[in-house]
Amino acid sequence: MAFLRKRGNAFYLVHNVRREGKVKQLHLARLGDRPRLTDSVIRKVRRNYPLLELNWDYLRKQLDSRVALLVTDGHYLKRLAQHLHKLNLELADLAPPLLRWGSSPEGTAELIALLKLLRSTVEIKLRQFDQAPLVPGTRKAFR
């Protein structure tokens, strides 16, 4: 039976196997500090371990119960703020003419699609913060 294991700040998908009378752990996939079982992770595990049958629904339920705990972690919020700051600086430096020089049309189209996805995700999150006060007793989260 595969299960999730946290080591340090990272989560791993592991499976116990018995070899020469001893139990060993196979590290099937590193899921990172924000673990998700994406289709690409599932394909990779199936490709690397074709004889291993896993209950993906059960594993996803395990992840759903753990991810909620990560949001309240102060270190996670600090890292997220650092990533957002870095992303903001990199996006500020990005100019449309640069895309024509250094990327294929497919790469440019993918980047634009990802930027649109980012914009919609940010808009949704900002609306959620507007509706739910962050500090008890306040009417609005920020403005």
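Observations
- Relative contact order (%) - the range 1-91, alpha-carbon pairs under 8 angstrom, separation at least six: 21 percent
- Ranked by how many other beta carbons lie within 10 Å on average, peptides 116-129, 5-18 from highest: 5-18, 116-129
Any read-out appearing in this document is the output of simple, stated calculations on the displayed coordinates, not a laboratory observation. Note that the coordinates shown come from a computational prediction; the quantities given were computed from them, not determined experimentally. So basically every Cβ, Gly included, is an ideal-geometry build from the backbone, and we count neighbours across all protein chains shown.
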